[in-house]
1. Only one of Met128, Met132 is open to solvent by 20 Å² or more (accessible area, probe 1.4 Å), under 25 Å from Ser9 (Cα atoms) and touching a Pro at 6+ places or on another chain (Cβ under 7 Å); which?
2. Would a scan of the range 79-91 turn up a residue that is closer than 18 Å to Glu134 by Cα, open to solvent by less than 50 Å² (accessible area, probe 1.4 Å) and of a type outside the set (Lys, Arg)?
3. Regarding the range 28-45, can at least one residue be identified that is within 19 Å of the chain's Cα centre (by Cα), charged (D, E, K, R), surrounded by fewer than 17 Cβ atoms within 10 Å (Cβ to Cβ) and at pLDDT 90 or above?
Amino acid sequence: MTNADIETSLTEFFEQDHRDCDARWVDVEELLDTADIEVARSAWQKYRKAMQRHLAMEEEVLFPAFDAKSEMAAGSPVAALKLEHQQMRGFLEQIGVAIEAGNAEEAMDIGDNLLILIQHHNDREEGMLYPMAENLLSGDWEDLAVILEEY
């Protein structure tokens, strides 16, 4: 993220990161489909790193900032989203094991389950959390954007 990215809204920033992660998965899937597991491993590492980065940005920056401002406590949507992040990490681990074992078909099957979870998860974030967070954190976005630059 550069200073120009601060001009991007919170919603736009995180939605774009969703799209970037999705595009990296398409690369992995296409390479797994060719059964060139060696080339797929490199694309997989880029995808895994992008997903880990995204989850960390939300869990370490966005979610705490949202919860601090929302005063929702137990009713915050963040708790359910964090649980889904844990499920995603489980799928990521399973895909990594399948790829390391050279099993492209298993990796794609697990990836299908991951994508279903991600689609539902992203719908909730993009339809509810990000707009709410953008409202609550509008005055803090510039500072948050600078922190996110470190990721």
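The values are calculated or read from the model by the stated rules, or taken from the named source; none is laboratory data. Bear in mind the structure is a predicted one, so any value in this text is a computation, not a measurement. No Cβ is skipped: glycine too gets one built from the backbone with ideal geometry, and neighbour counts run over all protein chains shown. The protein model used for the area step is the full one, side chains on, heavy atoms only, and it has no ligands, DNA or RNA in it. Shrake-Rupley method; radii C 1.70, N 1.55, O 1.52, S 1.80 Å.
1. Going through Met128, Met132 in turn, the sole match is Met128.
2. yes
3. no
Here is a yes/no grid of residues against (1) touching a strand residue (DSSP E or B) at 6+ places or on another chain (Cβ under 6 Å); (2) in a helix (DSSP H, G or I); (3) among the acidic types (Asp, Glu):
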position	(1), (2), (3)
Ala107	no, yes, no
Ile110	no, yes, no
Leu114	no, yes, no
Leu117	no, yes, no
Glu126	no, yes, yes
Met132	no, yes, no
Gly139	no, yes, no
Ile147	no, yes, no
Tyr151	no, no, no
